[in-house]
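The next block holds one structure in the form of C-alpha coordinates; read it before the comments.
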Amino acid sequence: MSTSTPTRPAADRTAVKQRPGDRVFRGTATAAALSILVILAGVAAFLLWQAAPALVADPSEIGGGQGFTRYVLPLVFGTVLSSTLALIIGAPLGIGIALFITHYAPRKLAAPLGYVIDLLAAIPSIVYGLWGVFVFAPALVPIYAWLGTNLSWVPLFAGPVSSGRTMLTAGLVLAVMILPVITALSREVFRQTPTLQQEAALALGATRWEMIRYAVIPYGKSGVVAASMLGLGRALGETMAVAAVLSVAGGITFNLVSTQNPGTIAANIALQFPESSGVGVNLLIATGLVLFVLTFLVNFAARAIVARSSKG
(Lines give C-alpha, C1' and ligand atoms only; values in the text may rest on other atoms or scores of the structure.)
Protein backbone atom coordinates (compact mmCIF):
# COMPACT_ATOMS: atom_id res chain seq x y z
CA MET A 1 0.00 0.00 0.00
CA SER A 2 1.56 3.25 -1.10
CA THR A 3 1.52 6.27 1.07
CA SER A 4 1.88 9.85 -0.06
CA THR A 5 2.95 12.90 1.85
CA PRO A 6 -0.07 15.00 2.64
CA THR A 7 -0.05 18.35 0.93
CA ARG A 8 -0.85 21.53 2.73
CA PRO A 9 -4.08 23.12 1.57
CA ALA A 10 -3.80 26.21 -0.61
CA ALA A 11 -5.50 28.29 2.03
CA ASP A 12 -2.84 27.34 4.60
CA ARG A 13 0.00 28.19 2.19
CA THR A 14 -1.57 31.58 1.52
CA ALA A 15 -1.92 32.21 5.23
CA VAL A 16 1.76 31.45 5.79
CA LYS A 17 2.80 33.85 3.05
CA GLN A 18 0.69 36.61 4.54
CA ARG A 19 2.08 36.48 8.06
CA PRO A 20 2.75 39.95 9.51
CA GLY A 21 6.44 39.24 10.01
CA ASP A 22 6.87 38.31 6.35
CA ARG A 23 5.04 41.41 5.19
CA VAL A 24 7.14 43.67 7.43
CA PHE A 25 10.40 42.09 6.29
CA ARG A 26 9.43 42.28 2.62
CA GLY A 27 8.36 45.89 2.95
CA THR A 28 11.54 46.83 4.80
CA ALA A 29 13.76 45.14 2.21
CA THR A 30 11.87 46.77 -0.66
CA ALA A 31 12.11 50.20 0.99
CA ALA A 32 15.84 49.75 1.55
CA ALA A 33 16.36 48.82 -2.10
CA LEU A 34 14.27 51.73 -3.35
CA SER A 35 16.04 54.18 -1.03
CA ILE A 36 19.32 53.49 -2.85
CA LEU A 37 17.71 54.49 -6.14
CA VAL A 38 16.14 57.57 -4.56
CA ILE A 39 19.46 58.70 -3.05
CA LEU A 40 21.29 58.10 -6.33
CA ALA A 41 18.68 60.04 -8.27
CA GLY A 42 18.83 62.84 -5.69
CA VAL A 43 22.60 63.13 -5.97
CA ALA A 44 22.39 63.18 -9.78
CA ALA A 45 19.66 65.83 -9.72
CA PHE A 46 21.62 68.02 -7.29
CA LEU A 47 24.77 67.80 -9.40
CA LEU A 48 22.87 68.65 -12.58
CA TRP A 49 21.12 71.59 -10.92
CA GLN A 50 24.29 73.05 -9.47
CA ALA A 51 26.40 72.32 -12.56
CA ALA A 52 23.96 73.87 -15.02
CA PRO A 53 25.27 77.48 -14.68
CA ALA A 54 28.80 76.34 -15.54
CA LEU A 55 27.64 74.15 -18.42
CA VAL A 56 25.77 77.03 -20.10
CA ALA A 57 28.18 79.81 -19.14
CA ASP A 58 30.28 81.64 -21.71
CA PRO A 59 33.59 79.83 -22.32
CA SER A 60 35.48 82.99 -21.37
CA GLU A 61 34.19 82.65 -17.81
CA ILE A 62 35.36 79.06 -17.39
CA GLY A 63 38.88 78.04 -16.42
CA GLY A 64 40.64 81.21 -17.51
CA GLY A 65 38.82 81.36 -20.83
CA GLN A 66 39.44 77.73 -21.79
CA GLY A 67 35.85 76.61 -21.67
CA PHE A 68 34.46 73.68 -19.71
CA THR A 69 35.65 70.91 -22.03
CA ARG A 70 39.27 72.04 -22.12
CA TYR A 71 39.17 72.62 -18.37
CA VAL A 72 37.83 69.20 -17.41
CA LEU A 73 39.61 67.05 -20.02
CA PRO A 74 43.07 67.12 -18.33
CA LEU A 75 41.40 66.35 -14.99
CA VAL A 76 39.58 63.36 -16.46
CA PHE A 77 42.83 62.19 -18.03
CA GLY A 78 44.72 62.51 -14.74
CA THR A 79 41.96 60.71 -12.84
CA VAL A 80 41.87 57.80 -15.27
CA LEU A 81 45.68 57.60 -15.53
CA SER A 82 46.34 57.54 -11.77
CA SER A 83 43.53 55.04 -11.16
CA THR A 84 44.69 52.80 -13.99
CA LEU A 85 48.23 52.79 -12.60
CA ALA A 86 46.84 51.89 -9.18
CA LEU A 87 44.80 49.04 -10.64
CA ILE A 88 47.68 47.67 -12.75
CA ILE A 89 49.95 47.63 -9.69
CA GLY A 90 47.48 46.84 -6.92
CA ALA A 91 45.28 44.17 -8.51
CA PRO A 92 47.98 41.55 -9.25
CA LEU A 93 49.60 42.22 -5.87
CA GLY A 94 46.29 41.91 -4.01
CA ILE A 95 45.32 38.72 -5.83
CA GLY A 96 48.77 37.26 -5.17
CA ILE A 97 48.54 38.07 -1.46
CA ALA A 98 45.06 36.53 -1.31
CA LEU A 99 46.31 33.32 -2.94
CA PHE A 100 49.29 33.20 -0.58
CA ILE A 101 47.07 33.59 2.48
CA THR A 102 44.54 30.97 1.37
CA HIS A 103 46.78 28.33 -0.20
CA TYR A 104 50.43 28.78 0.69
CA ALA A 105 50.92 30.49 4.05
CA PRO A 106 51.01 28.41 7.25
CA ARG A 107 47.92 28.85 9.38
CA LYS A 108 49.89 30.69 12.08
CA LEU A 109 51.08 33.23 9.50
CA ALA A 110 47.93 33.50 7.37
CA ALA A 111 45.69 34.97 10.08
CA PRO A 112 48.08 37.73 11.26
CA LEU A 113 48.92 38.64 7.66
CA GLY A 114 45.23 38.92 6.84
CA TYR A 115 44.70 41.21 9.84
CA VAL A 116 47.60 43.45 8.79
CA ILE A 117 46.22 43.78 5.25
CA ASP A 118 42.76 44.57 6.60
CA LEU A 119 44.18 47.24 8.91
CA LEU A 120 45.50 49.15 5.90
CA ALA A 121 41.88 50.02 5.07
CA ALA A 122 41.49 51.78 8.43
CA ILE A 123 44.32 54.27 7.82
CA PRO A 124 42.94 57.73 6.83
CA SER A 125 43.78 58.89 3.33
CA ILE A 126 45.54 62.02 4.61
CA VAL A 127 47.98 59.77 6.47
CA TYR A 128 48.75 58.01 3.21
CA GLY A 129 49.27 61.41 1.63
CA LEU A 130 51.69 62.59 4.32
CA TRP A 131 53.57 59.30 4.13
CA GLY A 132 53.75 59.65 0.37
CA VAL A 133 55.09 63.21 0.52
CA PHE A 134 57.65 62.90 3.31
CA VAL A 135 58.77 59.25 3.10
CA PHE A 136 57.80 57.49 -0.11
CA ALA A 137 58.37 60.25 -2.68
CA PRO A 138 61.92 61.14 -1.51
CA ALA A 139 62.85 57.44 -1.46
CA LEU A 140 61.77 57.09 -5.09
CA VAL A 141 63.81 60.04 -6.42
CA PRO A 142 66.96 57.95 -7.11
CA ILE A 143 64.88 55.38 -8.99
CA TYR A 144 63.20 58.08 -11.05
CA ALA A 145 66.57 59.65 -11.77
CA TRP A 146 67.89 56.32 -13.05
CA LEU A 147 64.80 55.85 -15.21
CA GLY A 148 65.12 59.39 -16.58
CA THR A 149 68.79 58.83 -17.38
CA ASN A 150 68.64 55.35 -18.90
CA LEU A 151 65.10 55.12 -20.27
CA SER A 152 64.41 58.71 -21.27
CA TRP A 153 63.66 57.49 -24.82
CA VAL A 154 60.49 55.91 -23.41
CA PRO A 155 57.76 58.59 -23.19
CA LEU A 156 56.68 57.30 -19.77
CA PHE A 157 60.09 58.11 -18.26
CA ALA A 158 61.10 61.16 -20.29
CA GLY A 159 61.64 63.34 -17.21
CA PRO A 160 63.10 65.71 -16.18
CA VAL A 161 63.18 64.42 -12.61
CA SER A 162 63.26 67.02 -9.85
CA SER A 163 61.25 65.42 -7.04
CA GLY A 164 59.24 62.35 -6.21
CA ARG A 165 55.84 64.04 -6.41
CA THR A 166 54.96 62.44 -9.72
CA MET A 167 52.06 60.61 -11.31
CA LEU A 168 53.83 57.29 -10.74
CA THR A 169 54.14 58.04 -7.02
CA ALA A 170 50.44 58.90 -6.87
CA GLY A 171 49.63 55.61 -8.63
CA LEU A 172 51.78 53.64 -6.19
CA VAL A 173 50.16 55.30 -3.16
CA LEU A 174 46.71 54.59 -4.59
CA ALA A 175 47.76 50.98 -5.21
CA VAL A 176 48.58 50.62 -1.51
CA MET A 177 45.22 52.15 -0.61
CA ILE A 178 43.15 49.80 -2.77
CA LEU A 179 45.18 46.76 -1.77
CA PRO A 180 43.03 45.88 1.30
CA VAL A 181 39.81 45.95 -0.73
CA ILE A 182 41.10 43.68 -3.49
CA THR A 183 42.91 41.34 -1.11
CA ALA A 184 40.04 40.90 1.35
CA LEU A 185 37.39 40.22 -1.30
CA SER A 186 39.64 37.95 -3.37
CA ARG A 187 40.60 36.02 -0.25
CA GLU A 188 36.97 35.32 0.62
CA VAL A 189 36.20 34.31 -2.97
CA PHE A 190 39.12 31.88 -3.10
CA ARG A 191 38.04 30.35 0.20
CA GLN A 192 34.65 29.50 -1.32
CA THR A 193 36.19 27.17 -3.92
CA PRO A 194 34.71 23.69 -3.31
CA THR A 195 37.19 21.50 -1.47
CA LEU A 196 36.25 18.49 -3.62
CA GLN A 197 37.39 20.31 -6.77
CA GLN A 198 40.75 21.14 -5.22
CA GLU A 199 41.26 17.63 -3.88
CA ALA A 200 40.25 16.11 -7.22
CA ALA A 201 42.83 18.21 -9.06
CA LEU A 202 45.56 17.20 -6.61
CA ALA A 203 44.51 13.55 -6.80
CA LEU A 204 44.90 13.62 -10.59
CA GLY A 205 48.53 14.65 -10.17
CA ALA A 206 48.26 18.42 -10.46
CA THR A 207 50.75 20.56 -8.58
CA ARG A 208 49.49 23.14 -6.15
CA TRP A 209 49.89 25.91 -8.72
CA GLU A 210 48.08 23.85 -11.38
CA MET A 211 45.27 23.22 -8.92
CA ILE A 212 45.02 26.96 -8.27
CA ARG A 213 45.19 27.74 -11.98
CA TYR A 214 42.55 25.26 -13.11
CA ALA A 215 40.25 25.03 -10.07
CA VAL A 216 40.55 28.08 -7.80
CA ILE A 217 41.05 30.97 -10.21
CA PRO A 218 38.28 29.97 -12.70
CA TYR A 219 35.84 29.50 -9.82
CA GLY A 220 36.62 32.93 -8.34
CA LYS A 221 37.10 34.85 -11.59
CA SER A 222 33.93 36.91 -11.32
CA GLY A 223 34.63 37.74 -7.67
CA VAL A 224 38.17 38.85 -8.47
CA VAL A 225 36.88 41.12 -11.24
CA ALA A 226 34.33 42.62 -8.85
CA ALA A 227 37.03 43.17 -6.21
CA SER A 228 39.29 44.88 -8.75
CA MET A 229 36.50 47.16 -9.92
CA LEU A 230 35.67 48.14 -6.33
CA GLY A 231 39.32 49.01 -5.85
CA LEU A 232 39.26 51.05 -9.05
CA GLY A 233 36.17 52.88 -7.81
CA ARG A 234 38.00 53.93 -4.65
CA ALA A 235 41.01 55.06 -6.65
CA LEU A 236 38.83 57.19 -8.93
CA GLY A 237 37.34 59.09 -6.01
CA GLU A 238 40.43 59.40 -3.80
CA THR A 239 41.06 63.01 -2.79
CA MET A 240 43.48 63.95 -0.03
CA ALA A 241 46.24 61.44 -0.72
CA VAL A 242 46.46 62.47 -4.38
CA ALA A 243 46.20 66.17 -3.50
CA ALA A 244 49.15 65.84 -1.12
CA VAL A 245 51.38 63.65 -3.30
CA LEU A 246 50.83 64.93 -6.83
CA SER A 247 52.57 68.03 -8.17
CA VAL A 248 50.04 69.50 -10.60
CA ALA A 249 50.88 71.67 -13.60
CA GLY A 250 47.91 70.92 -15.85
CA GLY A 251 47.91 69.61 -19.38
CA ILE A 252 47.89 66.06 -20.68
CA THR A 253 51.04 63.95 -20.59
CA PHE A 254 52.00 60.30 -20.21
CA ASN A 255 55.28 61.25 -18.53
CA LEU A 256 55.12 59.44 -15.19
CA VAL A 257 58.32 60.72 -13.53
CA SER A 258 58.03 64.45 -14.16
CA THR A 259 56.50 67.01 -11.81
CA GLN A 260 54.49 68.48 -14.71
CA ASN A 261 51.40 66.36 -14.11
CA PRO A 262 47.68 66.61 -14.83
CA GLY A 263 45.49 66.83 -11.77
CA THR A 264 42.55 64.64 -10.79
CA ILE A 265 38.95 65.69 -10.44
CA ALA A 266 38.55 64.90 -6.74
CA ALA A 267 41.86 66.48 -5.72
CA ASN A 268 41.14 69.57 -7.82
CA ILE A 269 37.78 70.06 -6.12
CA ALA A 270 39.38 69.76 -2.68
CA LEU A 271 42.15 72.25 -3.51
CA GLN A 272 40.08 74.82 -5.38
CA PHE A 273 36.77 74.84 -3.52
CA PRO A 274 37.80 77.00 -0.51
CA GLU A 275 38.79 79.91 -2.77
CA SER A 276 36.00 79.55 -5.36
CA SER A 277 32.85 81.60 -5.64
CA GLY A 278 30.06 82.18 -8.12
CA VAL A 279 30.48 80.30 -11.36
CA GLY A 280 33.72 78.83 -10.01
CA VAL A 281 31.75 76.76 -7.50
CA ASN A 282 29.38 75.61 -10.24
CA LEU A 283 32.39 74.68 -12.35
CA LEU A 284 33.80 72.45 -9.61
CA ILE A 285 30.40 70.81 -9.11
CA ALA A 286 30.22 70.23 -12.87
CA THR A 287 33.55 68.39 -12.70
CA GLY A 288 32.06 66.39 -9.83
CA LEU A 289 29.19 65.49 -12.14
CA VAL A 290 31.71 64.20 -14.68
CA LEU A 291 33.35 62.09 -11.95
CA PHE A 292 29.91 60.79 -10.93
CA VAL A 293 29.19 59.69 -14.51
CA LEU A 294 32.68 58.19 -14.87
CA THR A 295 32.28 56.15 -11.68
CA PHE A 296 28.82 55.01 -12.77
CA LEU A 297 30.20 53.84 -16.12
CA VAL A 298 33.02 51.94 -14.39
CA ASN A 299 30.56 50.19 -12.07
CA PHE A 300 28.22 49.42 -14.97
CA ALA A 301 31.10 47.91 -16.95
CA ALA A 302 32.15 45.90 -13.89
CA ARG A 303 28.66 44.45 -13.52
CA ALA A 304 28.65 43.50 -17.21
CA ILE A 305 32.04 41.78 -16.88
CA VAL A 306 30.98 39.92 -13.75
CA ALA A 307 27.74 38.77 -15.40
CA ARG A 308 29.61 37.52 -18.46
CA SER A 309 32.18 35.74 -16.29
CA SER A 310 29.43 34.07 -14.27
CA LYS A 311 27.71 32.80 -17.42
CA GLY A 312 31.02 31.55 -18.79
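The values are calculated or read from the model by the stated rules, or taken from the named source; none is laboratory data. If you're wondering where the values come from, they're calculated on a predicted model, not measured in any experiment. Backbone-built Cβ (ideal geometry, glycine too); neighbour counts: all protein chains shown.
Does region 294-310 contain at least one residue that is closer than 29 Å to SER186 by Cα and touching a Lys or Arg at 6+ places or on another chain (Cβ under 6 Å)?
Yes, because at least one residue in region 294-310 is closer than 29 Å to SER186 by Cα and touching a Lys or Arg at 6+ places or on another chain (Cβ under 6 Å).
Does any residue in region 38-59 that is without any contact (Cβ under 8 Å) to a residue 12 or more places away in the chain come within less than 7 Å, Cβ to Cβ, of a residue that is surrounded by 10 or more Cβ atoms within 10 Å (Cβ to Cβ) six or more places away or on a different chain, and which pairs are these?
PRO59/GLY65; PRO59/GLY67
In this structure, is LEU81 farther than 19 Å from LEU230 by Cβ and in contact (Cβ under 8 Å) with a residue 40 or more places away in the chain?
Yes.
For every residue, the table says whether it meets (1) closer than 24 Å to ARG234 by Cα; (2) surrounded by 13 or more Cβ atoms within 10 Å (Cβ to Cβ); (3) of a type in the set (Lys, Arg); (4) in contact (Cβ under 8 Å) with a residue 40 or more places away in the chain.
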| site | (1), (2), (3), (4) |
| --- | --- |
| ALA91 | yes, yes, no, yes |
| ALA98 | yes, yes, no, yes |
| PRO106 | no, no, no, no |
| PRO112 | no, no, no, no |
| TYR115 | yes, no, no, no |
| ALA122 | yes, no, no, no |
| ILE126 | yes, yes, no, yes |
| LEU130 | yes, yes, no, yes |
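Restricting region 1-60 to residues that are acidic (Asp, Glu) and part of a helix (DSSP H, G or I), which is modelled with the lowest pLDDT?
ASP12
Identify, by number, the condition in (1) over 27 Å from the mean Cα position of the chain (by Cα); (2) buried (at least 20 other Cβ atoms within 10 Å of the Cβ); (3) under 18 Å from PHE100 (Cβ atoms) that TRP209 doesn't meet.
All conditions are met except number (2).
Filter region 136-162 down to the residues that are among the aliphatic types (A, V, I, L, M) and buried (at least 19 other Cβ atoms within 10 Å of the Cβ), then identify the one that is nearest to PRO262 (Cα to Cα).
Step by step, filter region 136-162, then rank; the result is VAL161.
The rows are residues; the columns are (1) at pLDDT 85 or above; (2) touching a His at 6+ places or on another chain (Cβ under 8 Å); (3) closer than 20 Å to GLY90 by Cα.
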residue	(1), (2), (3)
ARG234	yes, no, yes
GLY250	no, no, no
LEU256	yes, no, yes
THR264	yes, no, yes
ALA270	yes, no, no
GLY278	no, no, no
ASN282	yes, no, no
ILE285	yes, no, no
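ARG165 is checked against (1) more than 17 Å from the chain's Cα centre (by Cα); (2) closer than 20 Å to SER228 by Cβ; (3) buried (at least 18 other Cβ atoms within 10 Å of the Cβ); (4) not hydrophobic (A, V, I, L, M, F, W, C) and fails just one. What number does that condition carry?
It fails just one condition, (2).
Looking only at residues that are over 23 Å from ALA241 (Cβ atoms) and not in a helix (DSSP H, G or I) in region 104-148, which one is farthest from the chain's Cα centre (by Cα)?
Per the criteria, the residue is PRO106.
Given (1) touching a Leu at 6+ places or on another chain (Cβ under 6 Å); (2) free of Cβ contacts under 8 Å to residues at least 40 places away in the same chain, where does MET167 come up short, assuming only one miss?
(2)
Being among the aliphatic types (A, V, I, L, M) and in contact with an Asp or Glu (Cβ under 9 Å, 6 or more places away or on another chain) is true for just one of VAL306, VAL279. Which residue is that?
Just a single option satisfies the conditions, and that option is VAL279.
Pick out the one residue from PHE292, PHE273, PHE296, PHE300 that is closer than 30 Å to TRP49 by Cα, more than 19 Å from the chain's Cα centre (by Cα) and in a helix (DSSP H, G or I).
It is PHE273.
Going by the conditions given, is SER152 of a type in the set (S, T, N, Q), touching a Lys or Arg at 6+ places or on another chain (Cβ under 9 Å) and more than 30 Å from ILE285 (Cα to Cα)?
no
Looking at PHE296 and the list (1) farther than 30 Å from VAL154 by Cα; (2) modelled with pLDDT under 90; (3) in contact with a Leu (Cβ under 8 Å, 6 or more places away or on another chain), which single condition is not satisfied?
Among (1) farther than 30 Å from VAL154 by Cα; (2) modelled with pLDDT under 90; (3) in contact with a Leu (Cβ under 8 Å, 6 or more places away or on another chain), PHE296 violates only (3).
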